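Let me begin by presenting the structure, written as structure tokens, before commenting on it.
The values are calculated or read from the model by the stated rules, or taken from the named source; none is laboratory data. The structure displayed is predicted, hence computed values, not measured ones. For neighbour counting, all protein chains shown are included, and Cβ atoms are generated from backbone atoms with ideal geometry for every residue, glycine included.
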2 protein chains.
Amino acid sequence: MTTSISIFDTTLRDGTQGEGISLTAEDKLKIALKLDALGVHYIEGGNPGSNSKDIEFFKRAREMNLNAKLTAFGSTRRKNSICEQDINLKHLIDSKAMAATLVGKSWDFHVHTALQTTLEENLAMIYESIAYLKRHDMEAIFDSEHFFDGYKANPEYALSALAKAKEAGADWIVLCDTNGGTLPTEIHEIVSRVCAVIDAPIGIHTHNDCELAVANTLAAINAGARQVQGTINGYGERCGNANLCSIIPTLQLKMNYSCVSDEQLKSLTSVSRYVSEIANMIQPVNQPYVGNAAFAHKGGIHVSAILKDSKTYEHIAPELVGNKQRVLVSELAGQSNILSKAQELGLDVNVISGSREIIDRIKELEHQGYQFEGADASLELLLRDAFGNEESAFTIESFKILCEKSEANMVTEAIVRVRVNGQQVYTIAEGNGPVNALDNALRKALVQFYPSIANVHLTDYKVRVLDDKDATAAKVRVLIESSDFKDTWSTVGVSSNVIEASWEALLDSIRYALLGKKSSYSMEQLPESVGLSNH
Amino acid sequence: MTTSISIFDTTLRDGTQGEGISLTAEDKLKIALKLDALGVHYIEGGNPGSNSKDIEFFKRAREMNLNAKLTAFGSTRRKNSICEQDINLKHLIDSKAMAATLVGKSWDFHVHTALQTTLEENLAMIYESIAYLKRHDMEAIFDSEHFFDGYKANPEYALSALAKAKEAGADWIVLCDTNGGTLPTEIHEIVSRVCAVIDAPIGIHTHNDCELAVANTLAAINAGARQVQGTINGYGERCGNANLCSIIPTLQLKMNYSCVSDEQLKSLTSVSRYVSEIANMIQPVNQPYVGNAAFAHKGGIHVSAILKDSKTYEHIAPELVGNKQRVLVSELAGQSNILSKAQELGLDVNVISGSREIIDRIKELEHQGYQFEGADASLELLLRDAFGNEESAFTIESFKILCEKSEANMVTEAIVRVRVNGQQVYTIAEGNGPVNALDNALRKALVQFYPSIANVHLTDYKVRVLDDKDATAAKVRVLIESSDFKDTWSTVGVSSNVIEASWEALLDSIRYALLGKKSSYSMEQLPESVGLSNH
């Protein structure tokens, strides 16, 4: 018999307090749909009392018929006033959300210092605000801010704040480690005590300031809490909130609790990556469970063991959370990594004699700054070249870029000279920047020979300075991600010139797209408009 | 009376198994010096049996007279052989390191599947290898790989492996959660059991696959372990190793253990950032204790409370780990954030009337993709412009870039037309790339007027695509970090053209460098060589 844990997602509210995170109402609606599909039980969408964007979000989200309970966030009423005249409480009601989170104080120090009111008035603020929401038929969740610090300072007062919320009809009482400074042993002890004396469903809300947000959440669940407040990817103020992407699979796969369905759990990796895309954050490759390196193996010994039985080095099957195993190629790798990659590509691994050369070549390129761990397609081209079974679909003779800015106007053009099937093609194209112009000019030159190239487009472009001693004159590494609507692949280029590095990665991307494809046209079939020149 | 915990750093060995991390022998030596200054007790430098780079490291590191014990890593001897003929053990001895870590199996499944030998032979491998090191007067640390999985599967066998190591003279017995899949409650229970039956100093080595590496380490310490194996910034294979940057301050500031001196603890933030620089990794802004956002406050309410008493929202004083408090500016911020920033800059905060306009302007720019959280200097220019107390040191009329590649040769030139003190300056310069060429041309134009500009140089350059739907045609944000050998500042530019975005950030950088500086030369004083033109 498994116990259910209520998953309360606050990515759209507390998550947006994270540095570098900013979401439009449209972004929030998109993310809400994904969260709903993942199966979270509450979606806290924002603070309608603080800005018009959140008001718009609630208005539009109501029409989406989510399974999750849409939840609005606000504070207990202002001191020395009445709920009926409190503008923030009015916004909560007006949001027409099914539930509202009310944050309130339980640390006497905060009541005095931050609120600057009496302990009694704070209790009245809690009681009256919760009762007011309940009179308006909203589910009321009381988030007890700084509860653990409050409990340590004055346990009686902290518990009396919870008791007031319960008395007023709060549906959940959530204990917040707002500073993120509490240890798992303390969390376990204090939550156990609260569960013993407060007869209401208890929730936990932790922050990651000691890198313990996940552990603190699990400790609270072990002590009897039944709701987890957290965010996708652990986004949130300072060091972030509790990371639902780590908590949900751990509760479900290792602790026998039930949060979402097994099918929904398989969408975890894609939800994590989707939210990081929308939030315009880079997903850390080493993110537990869902990161690109979470099941990536680099050490040569590990790789040979993994090939024998993946259980030897993996704590769960990556597929359970929608992730997958990867074998990385790097200077630490033994020959087994390269061979396993070649095997994956269907190349003849018996060509061992050439393999030492390939390893040396990869080591040499890595030494120059190339990194194939994030550029599978460039690595595949390298291996195929080494195995000597691919002809180049085209060769480049030269290119030129002109970029001119005067007043508000900016023009960028690229000229490329390419040889395909022994014929020279000479094209010019404009672009939004030098790399876009080069991309356009190159594809203009090739599309007549290889019509499928029309579907290829770049989906990400990253520049990394390799040596920060002299940034704009230093070596840079460019990573390009491309897609043809079916597959996605990554390529790499390195140079002290960002244009040249981009160009290298761009060429690899196009070469990869054309792997195994023959030119569809011969010289004779080419229409006049292609603009061939025969120097 | 505080108990000491031995800190065993494996950044240079296990840390380099992390995706994207690659260190030269020179890098490793630099990092070893920093680790030694931080006060770690063991520095595991690498695996001299696996590559010549690590052999070189040990050779050179021996001469540095570190306080920490230099430690080499290797495996127990090969199956069915003798230590005297084991090449890896020979490399450990030859490294002349003071200590050696020997990794060995204690999980019966692994002995059968990965080693493919008998349980008895594995015990002999452990015993003989440890004894061999002891005969060569090395401190011997036994790292029991997959210990927790092994204990869960076959506790008797797992404990017998530890007992063998102890019997052979191991100085430390370290329990490794190699898969990173064990929970804190399990760690606590199993370590307690080991401490009860094995009479040797016990260490803990955890991985972060469930985002629990720090919690698992603390649980082991609570259960009696006295050595922590981990890495700076938690670098390591897959999801990383236990993060010493979180563990050391938590043990020392919150759990009353002693690891390093208080003075050494204050270097933690700078060590973390130094290692990330050398490893060429970006330090996550939200990294606990040492990240740039670890004590950054964004929410308007928080900021006003922080201004009253920083204890209200901070779990420790940031200075204890060498970090500092920051107030972020963003759309969520109330007026108080902007005013606190203006106050920091010494601007007249009584100009409240203008402040609403500034907030609106910042919101509008953030909407366009600007981000001032990482670009303090651009924000300062914006505020100073709004307060109207700065004249621009120069104005740009136009620029042009030419970039040409043919065969192996690549040439990039930039031409800029600048107006300074009412005079037009027209310069051309080459560069390693378009941004470098622009930087060179602009500084060539300005240095005659503002000689101090000669000291300004770019130290980092980052490009971020803001909208990934169509990468090379999408909007990009460029962040530039500059330095004049005294101060460091960051600026931002946004455009669909990477050159234009870079140019914006570059201009802000130079404008910031010239804040408050007057041109040192008038027209009359200028030497002929400046190349003025007066159209």
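Answer with yes or no whether residue B:412 is of a type in the set (Val, Ile, Thr) and within 14 Å of chain A (Cβ to nearest Cβ).
Details: of a type in the set (Val, Ile, Thr): yes; within 14 Å of chain A (Cβ to nearest Cβ): yes.
Considered against the rule, which asks whether it is of a type in the set (Val, Ile, Thr) and within 14 Å of chain A (Cβ to nearest Cβ), residue B:412 comes out as yes.
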Filtering the stretch A:263-299 down to residues that are in contact (Cβ under 8 Å) with a residue 24 or more places away in the chain and assigned to a helix (DSSP H, G or I) yields A:264, A:265, A:268, A:269, A:270, A:271, A:272, A:274, A:275, A:276, A:278
Could you tell me whether residue A:22 is over 27 Å from residue A:282 (Cβ atoms) and not in a helix (DSSP H, G or I)? no
For the stretch A:91-121, how many residues meet the condition of being free of Cβ contacts under 8 Å to residues at least 12 places away in the same chain and part of a helix (DSSP H, G or I)? 5
If you go through the stretch B:227-238 one residue at a time, how many are outside any strand (DSSP E or B) and under 15 Å from the mean Cα position of the chain (by Cα)? 5
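Kindly indicate which of B:120, B:139 is farther than 22 Å from residue A:313 by Cα and more than 36 Å from the chain's Cα centre (by Cα).
Details: B:139 fails: more than 36 Å from the chain's Cα centre (by Cα).
Among B:120, B:139, only B:120 is farther than 22 Å from residue A:313 by Cα and more than 36 Å from the chain's Cα centre (by Cα).
Looking at A:35, A:12, A:23, which one is over 19 Å from residue B:363 (Cα atoms) and assigned by TED's automatic domain parsing to the domain that holds residue A:273? I'd like the intermediate steps shown before the answer.
Working: A:12 fails: over 19 Å from residue B:363 (Cα atoms); A:23 fails: over 19 Å from residue B:363 (Cα atoms).
On inspection, the qualifying residue turns out to be A:35.
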Tell me yes or no: at least one residue of the stretch A:65-72 is more than 20 Å from residue A:133 (Cα to Cα), among the aliphatic types (A, V, I, L, M) and within 22 Å of the chain's Cα centre (by Cα). no
Residue B:404 is checked against (1) farther than 20 Å from residue B:508 by Cα; (2) at pLDDT below 85; (3) out of contact with any Leu (no Cβ under 6 Å at 6 or more places or on another chain) and fails just one. What number does that condition carry? (2)
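Would you mind finding the one in A:123, A:115 that is away from chain B (no Cβ under 13 Å) and surrounded by 16 or more Cβ atoms within 10 Å (Cβ to Cβ)?
The conditions single out A:123.
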If you take the residues in the stretch B:352-379 that are at pLDDT below 70 and of a type in the set (Ser, Thr, Tyr), which one is surrounded by the fewest Cβ atoms within 10 Å (Cβ to Cβ)? B:353
Do the conditions hold for residue B:224, that is, is it at positive phi, assigned to a loop (DSSP other than H, G, I, E, B) and crowded, with 24+ Cβ neighbours inside 10 Å? no
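Hey, among the residues in the stretch A:241-259 that are assigned to a loop (DSSP other than H, G, I, E, B) and surrounded by fewer than 22 Cβ atoms within 10 Å (Cβ to Cβ), which one's farthest from the other protein chains (Cβ to nearest Cβ)? Give the steps one after another, and end with the answer.
First, pick out the residues of the stretch A:241-259 that are assigned to a loop (DSSP other than H, G, I, E, B): A:242, A:255-256, A:259.
Narrowing the set further to residues that are surrounded by fewer than 22 Cβ atoms within 10 Å (Cβ to Cβ) leaves A:255-256.
Values: A:255: 7, A:256: 12 Å.
It comes out as A:256.
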Output yes when any residue across the stretch A:127-139 is within 27 Å of residue A:12 (Cβ to Cβ), assigned to a strand (DSSP E or B) and of a type outside the set (Ser, Thr, Tyr), and no when none is. yes
Which residues, taken from the stretch A:195-218, are buried (at least 24 other Cβ atoms within 10 Å of the Cβ), in a helix (DSSP H, G or I) and not hydroxyl-bearing (Ser, Thr, Tyr)? A:213, A:214, A:215, A:216, A:218
Determine whether residue A:492 is assigned to a strand (DSSP E or B), at the interface with chain B (Cβ under 10 Å from one of its Cβ atoms) and either modelled with pLDDT of 80 or more or touching a helix residue (DSSP H, G or I) at 6+ places or on another chain (Cβ under 7 Å) (or both). no
Test: residue A:45 is assigned to a strand (DSSP E or B) and more than 14 Å from every other protein chain (Cβ to nearest Cβ): yes
